[in-house]
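S.K.: Here it is, the structure in full.
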Amino acid sequence: MNKLQEYIDANEKKFREELFELLRIPSISTSSQNKDDVKEAAKFLTKQFESIGLDRVTMHETPGHPIVTAEKCQHDDQPTVLVYGHYDVQPSDPDMLWNTPPFEPTVKNGRVYARGASDDKGQSFTHIKAIESYMKTGTELPVNVKFILEGEEEIGSPNLIPFIKAHKDLLSCDMVLISDTAMFGEDQPSITYGLRGLAYMELEVTGPNRDLHSGVYGGAVENPANLLCEIVSKLKNGNGKISIPGFYDDVEPLTEEQREAIHELPFDEEAFKKNLDLNEVDGEEGYNTHERTTARPSLDVNGLWSGYQGEGAKTVLPAKAGAKVSK
């Protein structure tokens, strides 16, 4: 084990530079303008796997973004661990709110700040460098290892399930290791056994066949922006409960054992509010903040658009209004 640590210590600067190279790639999977960047990130990881000596390194094309696989299976009598990760990232805008450039890694107080540094390039790269340390020092891996890194996690992984079904033998394993979740605290490692899941949708309200002058048509034509606000305002009631019929049908209630386990965690609500510059928290009645953020469903408007967005005033009655909503 000493030579593993010696290799890591000797190559810490190289590891960091390679990670920074990956973080500089704006692999934004939701943006068609960044399609080539996403593929560049996949190629970068493919070269990483090849350089450390893994077998069956392949960049698989899909109808969307590539999936990269690799493995080192040396044992007939040991389990196989499949490491999952993703190399795509969410959009960085509004970029003017970043204190440092989103795709130029910056180290502050011992932490790396960049889009993807912690979701999920950083974690995925940690696994790659761990396996490299074994391979380059001639240390035998204690288990068989496989990798699958995708480029569509941030858009719901539309091509992952078809890929898994088509490559069952390639991905066969005894356990899957996913490092795409959070630790409860820097000194308190966590095992995540469930996530709330995600459904993402867009709402669009359409009205007249063109934008109108609100001074001429206002009061006589339904305003799509006003109507959209009315729709959004009805998604929740005054107690923080989601009003959509059937929304809670498949939501399992928290058991007393689960609630006790959550309460045992050292969650500081005052520190939580202070970190966000908030005076109060909000959410579903009957649950505390930590329960709301971990075990209860949520519904949020992620974006709104309609009408005039530029500086100053424009008396427009918009023809359309839209909202991005996630649960």
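S.K.: Residues that are among the hydroxyl-bearing types (Ser, Thr, Tyr), at least 2 per element: which strands (runs of 3 or more DSSP E) completely within the range 75-154 meet that?
M.R.: In the range 75-154, the matching strands (runs of 3 or more DSSP E) lie at 80-86.
S.K.: Identify, from the list Gln90, Gln33, the residue that is without any contact (Cβ under 8 Å) to a residue 24 or more places away in the chain, within 20 Å of the chain's Cα centre (by Cα), in the same structural domain as Glu153 (by TED's automatic domain parsing) and closer than 29 Å to Tyr113 by Cβ.
M.R.: None of the others qualify; the one that does is Gln33.
S.K.: Go through the range 154-192 and give me each residue that's of a type outside the set (Gly, Ala, Ser), at pLDDT below 95 and in contact with a helix residue (DSSP H, G or I) (Cβ under 8 Å, 6 or more places away or on another chain).
M.R.: Within the range 154-192, Leu177, Asp180 meet the criteria.
S.K.: Separate question: How do the helices (runs of 4 or more DSSP H) wholly within the range 246-327 filter down when requiring 2 or more residues that are in the same structural domain as Gly156 (by TED's automatic domain parsing) and over 30 Å from Asp187 (Cα atoms): which remain?
M.R.: none
Here's the yes/no breakdown for (1) among the charged types (D, E, K, R); (2) not assigned by TED's automatic domain parsing to the domain that holds Ser29:
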{"position": "Ser124", "(1), (2)": "no, no"}
{"position": "Phe147", "(1), (2)": "no, no"}
{"position": "Ile155", "(1), (2)": "no, no"}
{"position": "Pro162", "(1), (2)": "no, no"}
{"position": "Asp174", "(1), (2)": "yes, no"}
{"position": "Met183", "(1), (2)": "no, yes"}
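S.K.: Another one. Among the residues of the range 223-243, how many are touching a strand residue (DSSP E or B) at 6+ places or on another chain (Cβ under 9 Å) and assigned to a loop (DSSP other than H, G, I, E, B)?
M.R.: Summing the residues that are touching a strand residue (DSSP E or B) at 6+ places or on another chain (Cβ under 9 Å) and assigned to a loop (DSSP other than H, G, I, E, B) in the range 223-243 gives 3.
S.K.: Is it true that some residue in the range 211-219 is out of contact with any Lys or Arg (no Cβ under 9 Å at 6 or more places or on another chain), part of a helix (DSSP H, G or I), closer than 26 Å to Gln90 by Cβ and of a type in the set (A, V, I, L, M, F, W, C)?
M.R.: no
S.K.: Right, here's the next one. Suppose we filter Pro266, Pro245 for residues that are touching a residue at least 60 places away in the same chain (Cβ under 8 Å), exposed (fewer than 10 other Cβ atoms within 10 Å of the Cβ), within 25 Å of Leu195 (Cα to Cα) and more than 23 Å from the chain's Cα centre (by Cα); which single one remains?
M.R.: Numbers: Pro245 fails: touching a residue at least 60 places away in the same chain (Cβ under 8 Å).
From the options Pro266, Pro245, the qualifying one is Pro266.
S.K.: Let me ask something else about it. What are the pairs with Cβ atoms under 7 angstrom where one residue, in the range 1-15, is within 10 Å of Glu132 (Cα to Cα) and in contact (Cβ under 8 Å) with a residue 12 or more places away in the chain and the other, located anywhere, is of a type in the set (S, T, N, Q) and not in a helix (DSSP H, G or I)? Sequence gap at least six, or different chains.
M.R.: Between residues of the range 1-15 that are within 10 Å of Glu132 (Cα to Cα) and in contact (Cβ under 8 Å) with a residue 12 or more places away in the chain and residues that are of a type in the set (S, T, N, Q) and not in a helix (DSSP H, G or I), the close pairs are Leu4/Thr137; Leu4/Thr139; Tyr7/Thr137.
S.K.: From the list Val38, Val57, exactly one residue is in the same structural domain as Asn144 (by TED's automatic domain parsing), part of a helix (DSSP H, G or I), among the β-branched types (Val, Ile, Thr) and crowded, with 19+ Cβ neighbours inside 10 Å. Which is it?
M.R.: Going through Val38, Val57 in turn, just one is in the same structural domain as Asn144 (by TED's automatic domain parsing), part of a helix (DSSP H, G or I), among the β-branched types (Val, Ile, Thr) and crowded, with 19+ Cβ neighbours inside 10 Å: Val38.
S.K.: Spot the failing condition for Lys241; the list is (1) touching an Asp or Glu at 6+ places or on another chain (Cβ under 7 Å); (2) basic (Lys, Arg); (3) within 26 Å of Gln188 (Cβ to Cβ), and only one is missed.
M.R.: (3)
The values are calculated or read from the model by the stated rules, or taken from the named source; none is laboratory data. Predicted model only: the values in this text are computed from it and were never measured. For neighbour counting, all protein chains shown are included, and Cβ atoms are generated from backbone atoms with ideal geometry for every residue, glycine included.
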